[in-house]
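Student: First, the structure itself, so that you have it in front of you.
The values are calculated or read from the model by the stated rules, or taken from the named source; none is laboratory data. Keep in mind that what you see is a predicted model, and the values were worked out from it rather than measured. Quick reminder, even Gly has a Cβ in these numbers, built from the backbone with ideal geometry, and neighbours come from all protein chains shown. Accessible surface is based on the protein model in full, side chains and every heavy atom, while ligands, DNA and RNA are left aside. Shrake-Rupley method; radii C 1.70, N 1.55, O 1.52, S 1.80 Å.
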Amino acid sequence: MFRNFIHQHAGIDLSPAKKVMVGGRLQKRVNHYQLASYEQYYHMATHPDNDQELQLLVDILTTNETYFFREPKHFTYFEKEILGKWKTGHFKVWSAASSSGEEAYSLAMLLAEKSGTKTWDILATDLNRDVLTKASRGIYGMNRVELLDPYLMNKYCLKGVRSQQGLFCIADKLKQKVSFHRLNLTLSLPRKIAMFDVIFLRNVLIYFNNETKKKVVEQLISKLKPGGYFFISHSETLSRVTDKLVMVKPSIYRKK
């Protein structure tokens, strides 16, 4: 029932192998309401009058761990090959499955370093309400920074002291350049979404069947400028998904 729910609601094909993980996460809600079974919780959470618990259920089933500069070859290419050739114009990046914000802020650090007097901004979207709240706050544990250059850390982050020891905060000058919004990529995109120079859609296609992949990718490509770049995870593929992109490197594509 939970697998069917998240597929219908978010297009996610939840593998049977995730049963133990999902059970562990849902057990807290079952215990919270002192229910006798997962089935009772399912019916309660999906009741039409229980929107808040329904959103919480979505959050529980879509939480993903990430960290700064994950899959570093992407950021090297973004910095050297894309930003290195950026001459003029306002530069727009979309972190389409932003999770708790580490990807968006990693991109923001590189843009801040390379932009000079040129202007830029980042749109970061996710389905999960909780991770978006965390992303907007921009507060993280030091365990997320293994791949973060100490120079960038010192320039764009503030380390916590005393009661905040072990945490750090993204500097306001960077947070102001990133806007976080809730968005279900399997639904029609809002008309107000602009055109982008670069779109990152990493570590989300693995959860979709091929039909949903095609729908999501085609929608996002419609918001990518001709010649713009499209990034997916190294563990993912766009084989038989779209003919509007050309691969320039594994997991890095360019719009025709």
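Student: What does the convex hull of the alpha-carbon atoms of the range 112-256 project to on average, in nm²? Let's see the in-between values first.
Tutor: Details: hull surface 41.3 nm².
Projected area, direction-averaged: 10.3 nm².
Student: Cys169: accessible area at probe 1.4 Å, nearest 10 Å²?
Tutor: Accessible surface of Cys169 is approximately 30 Å².
Student: With contacts defined as alpha carbon pairs under 8 Å and 6 or more residues apart, what's the relative contact order of the range 55-120 in percent? Mind showing how you got there, number by number?
Tutor: Details: 38 pairs, mean separation 29.3, N = 66.
Answer for the range 55-120 is 44 percent.
Student: Explain nothing, just the number: dipole magnitude of the range 106-150 about its Cα centre with +1 on each Lys and Arg Cβ and -1 on each Asp and Glu Cβ, in debye rounded to the nearest 20. Before the final figure, lay out the partial values.
Tutor: Working: 6 positive and 6 negative charges, 25 e Å.
In total the dipole reaches around 120 debye.
Student: I would also like to ask the following. Going by accessible area, probe 1.4 Å, with all protein chains left in place, what is the ranking of Glu102, Glu146, largest first? Mind dumping the intermediate values first?
Tutor: Working: Glu102 0, Glu146 170 Å².
Heavy-atom accessible area, descending, gives Glu146, Glu102.
Student: For the chain, take N as its residue count and report Rg(C-alpha) divided by 2.2 N^0.38 Å. Can you show the working numbers first?
Tutor: Details: Rg = 19.2 Å, N = 256, 2.2 N^0.38 = 18.1 Å.
Compared with the compact-globule rule of thumb, the chain sits at 1.06.
Student: Something else about it: Which of Tyr151, Ala17, Leu167 sits farthest toward the positive end of the charge dipole of the chain, with +1 on the Cβ of Lys and Arg and -1 on the Cβ of Asp and Glu?
Tutor: Checked the options; the winner is Tyr151.
Student: Can you order the peptides 175-182, 47-54 by their average number of other Cβ atoms within 10 Å per residue, highest first? Don't skip to the answer; put the middle values down first.
Tutor: Values: 175-182: 16.9, 47-54: 11.2.
With the highest mean Cβ count within 10 Å placed first, the list reads 175-182, 47-54.
Student: What figure in square angstrom, to the nearest 10, would you give for the accessible area of Thr186 with a 1.4 Å probe?
Tutor: Thr186 exposes around 20 Å² with every protein chain in place.
Student: Please report, ordered by residue number, every helix of the chain (full DSSP H runs) that is 15 Å or longer along its axis going by C-alpha atoms and whose mean Kyte-Doolittle hydropathy reaches 0.0.
Tutor: Within the chain the helices that satisfy the rule are 51-62, 102-114.
Student: Here's a follow-up. Using R₀ = 51 Å, calculate the FRET efficiency as 1/(1 + (r/R₀)^6) where r is the Cβ-Cβ separation of Met153 and Thr88; round to 0.05. Mind showing how you got there, number by number?
Tutor: Numbers: r = 30 Å, r/R0 = 0.59.
Efficiency computed from Cβ-Cβ geometry: 0.95.
Student: Follow-up. Quick one: length gained pulling Glu79 to Asp49 fully straight, 0.36 nm per residue minus the C-alpha distance?
Tutor: Details: separation 30, 0.36 × 30 = 10.80 nm, distance 4.79 nm.
Here the answer is 6.0 nm.
Student: Oh, and also: Toward the positive end of the charge dipole of the chain, about the Cα centre and with charges on Cβ (Lys, Arg +1; Asp, Glu -1), which of Ile122, Ala97, Thr46 goes farthest?
Tutor: Positive-end residue among those listed: Ile122.
Student: If you don't mind, another one. With all protein chains present, calculate the accessible area of Leu147 using a 1.4 Å probe and round the result to the nearest 10 Å².
Tutor: Leu147 exposes around 80 Å² with every protein chain in place.
Student: Between Ser163 and Gln34, what is the spin-label point distance in nm, taking each point 7 Å from the Cα along the Cα→C-beta axis?
Tutor: Computed distance between label sites Ser163 and Gln34 equals 3.3 nm.
Student: Of the beta bridges DSSP finds with both residues in the chain, what % are antiparallel, to the nearest 5? Display every interim value, and only then the final one.
Tutor: Details: 13 of 30 bridges.
Percentage antiparallel, nearest 5: 45.
Student: A further question follows. Computing the accessible area with a 1.4 Å probe over protein heavy atoms, can you report the carbon and sulfur percentage for the range 90-226?
Tutor: Numbers: 3290 of 6420 Å².
Using a 1.4 Å probe with all protein chains present, the range 90-226 comes out at 51 percent carbon and sulfur.
Student: Still on this structure, please answer the following. Using the crude model of +1 on Lys and Arg Cβ and -1 on Asp and Glu Cβ, and no other charge, please compute the dipole size for the chain relative to its Cα centre, in debye to 20.
Tutor: Details: 39 positive and 24 negative charges, 171 e Å.
My answer is approximately 820 debye.
Student: Rounded if a/c is under 1.5, else prolate if a/b beats b/c, else oblate: with a ≥ b ≥ c from the C-alpha gyration tensor eigenvalues square-rooted, which is the range 39-131? Don't skip to the answer; put the middle values down first.
Tutor: Details: a/c = 4.67, a/b = 2.75, b/c = 1.70.
Verdict is prolate for the range 39-131.
Student: Please report, in debye to the nearest 20, how large the charge dipole of the range 137-256 is about its Cα centre when each Lys and Arg carries +1 at its beta carbon and each Asp and Glu carries -1 there.
Tutor: On the way: 23 positive and 8 negative charges, 78 e Å.
The dipole of the range 137-256 has a size of about 380 debye.
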